[in-house]
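> Take a look at this one; I'll ask things after.
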Amino acid sequence: AVLSALAGGAPGAERARLTERAMSADQPPAGSGAGAQVAKRRRLEVPPVKCLDRETYLAKMKEVLSPMVQIGAMYSSLVDGIVTDPELMALPIHDHAIVRGHAVFDTCSVVNGRLYRVDIHLDRHIDSALSARIPLPFGESSEACKERMRTIIAQTVVASGFRNASVRYYTSVGPGNFGVTPDGCRPAFYVVVMGKAASVIKAEDMKGIREYTVDLPLKPGMLAKTKSNNYMLNVLTAMASKDRGGNYGILVDDEGCIAESCVLNCTFITKDRRLITPSFDKILAGTSVRKIMDVAHRLVAEGVLTAVSQEKIQVATAKECVEMLLSGGDTHLVPVTHWDDKPVGTGHVGEVTKRLIQLVKEDAEEGVDDHYDLEYA
């Protein structure tokens, strides 16, 4: 009778009472010996649901993704192919990039139809993969893998049709199971090409931002120097700064020295016109700050700067500097005009910072050292 009432659609409260009575019937009465302390079993009533078919799922996914970041194309080594339909851009749910965060990533830029700085990023990417004990997905050597990855990145960019874009690529131990180690997984390489609007750095940031020191721990050494998918501390750093009206946050190490921002390196101009930036012993070796140091030597030759140096920078020293900037994403140099509610220098974008922005922009658009022309259909 109880089951008949449930099947017949009794009102919600009555169904719950009937279910409980039905389950209670299976339990020994209170105080009846060994079974007296047995907890009452519970049953969860689950409304019936219809599984989506392939067409319905893809249509819904397309609708959900339409207002989100624009991705022009994605490559997956699992199928060794490129797709341009956003709803098809997916990873298996048991890829260990998701299951355990056992993956590394890196970036490069597309500037006026040319790949910019892809080689320096790929060198760091392969080093990260080896550090994370991720089998390289292509070739029998690091160099062969790098060449294959570069070709795939170029093909994916061309397929996107974007001539100015950000590229992000991932190497994972891959899908296979929900285990801890990568045993049974298939290494995977993924590439996505995004429009410039997807950049973490916004155009208005280039006019100068406010920033705040954040009290969060640094990543341990290996994770700091390996560009892994584990960015929880990076995310919390940016969130903590935003809570106070900042953007990306400034991290300080256990010696009271400047470390880095959430996804950006820090650079300062001292009163005696030295360009200084933290050494890479506790932080990621940023490719953008390395370009800044490279072009800054031209300003030394011009007499605009007196020196370029990587060194330990105490917070007190940094706060006496007359200019401050953050850098990342190859072409993004972000002036910091106020730090912890006090002006940096004059509280405006400094002249040296303006020149550095100009020189990096010229290198990206007109340089030849780390560029590859692409042939679009």
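> Give the number of residues within the range 301-319 that are surrounded by fewer than 13 Cβ atoms within 10 Å (Cβ to Cβ) and within 20 Å of R210 (Cα to Cα).
Qualifying residue count for the region: 1.
> Let me ask another. Counting just the residues of the range 361-376 that are more than 10 Å from Y116 (Cβ to Cβ) and open to solvent by less than 60 Å² (accessible area, probe 1.4 Å), which one comes out nearest to the chain's Cα centre (by Cα)?
Step by step, filter the range 361-376, then rank; the result is L374.
> While we're on this one: So which residues in the range 101-155 are of a type in the set (G, A, S) and assigned to a helix (DSSP H, G or I)?
Passing the criteria: S128, A129, S131, S142, A144, A154.
> Take the residues of the range 197-207 that are charged (D, E, K, R) and surrounded by fewer than 18 Cβ atoms within 10 Å (Cβ to Cβ): which is nearest to the chain's Cα centre (by Cα)?
In this case the residue turns out to be K202.
> Could you tell me which of the residues R210, R163, R168 is within 30 Å of H338 (Cβ to Cβ) and either open to solvent by 20 Å² or more (accessible area, probe 1.4 Å) or of a type in the set (D, E, K, R) (or both)?
Sole residue among the options that is within 30 Å of H338 (Cβ to Cβ) and either open to solvent by 20 Å² or more (accessible area, probe 1.4 Å) or of a type in the set (D, E, K, R) (or both): R210.
> Could you identify the single residue in D281, D294 that is within 26 Å of the chain's Cα centre (by Cα), modelled with pLDDT under 95 and open to solvent by 60 Å² or more (accessible area, probe 1.4 Å)?
Step by step, each of D281, D294 is checked, and only D281 is within 26 Å of the chain's Cα centre (by Cα), modelled with pLDDT under 95 and open to solvent by 60 Å² or more (accessible area, probe 1.4 Å).
> Being open to solvent by 100 Å² or more (accessible area, probe 1.4 Å) and at pLDDT 95 or above narrows it down to one of R21, R54, so name that one.
None of the other options fit; the residue is R54.
> What residue, among those in the range 57-98 that are charged (D, E, K, R) and open to solvent by 90 Å² or more (accessible area, probe 1.4 Å), is farthest from the chain's Cα centre (by Cα)? Break it down into steps so the answer makes sense when it comes.
Applying the first criterion (charged (D, E, K, R)) to the range 57-98 yields 60, 62-63, 80, 85, 87, 95.
Retained after the next criterion (residues that are open to solvent by 90 Å² or more (accessible area, probe 1.4 Å)): 60, 62-63, 80.
Working: K60: 26, K62: 23, E63: 24, D80: 23 Å.
For the range 57-98, the residue satisfying everything is K60.
> Answer yes or no as to whether D127 is surrounded by 17 or more Cβ atoms within 10 Å (Cβ to Cβ), charged (D, E, K, R) and at negative phi.
On the way: surrounded by 17 or more Cβ atoms within 10 Å (Cβ to Cβ): yes; charged (D, E, K, R): yes; at negative phi: yes.
For D127, the condition - surrounded by 17 or more Cβ atoms within 10 Å (Cβ to Cβ), charged (D, E, K, R) and at negative phi - is met.
The values are calculated or read from the model by the stated rules, or taken from the named source; none is laboratory data. Remember, predicted model here, so these are calculated numbers, not experimental data. All Cβ positions, glycine included, derive from the backbone under ideal geometry; neighbour counts span all protein chains shown. Note: areas computed on protein heavy atoms with side chains; ligands, DNA, RNA excluded. Shrake-Rupley method; radii C 1.70, N 1.55, O 1.52, S 1.80 Å.
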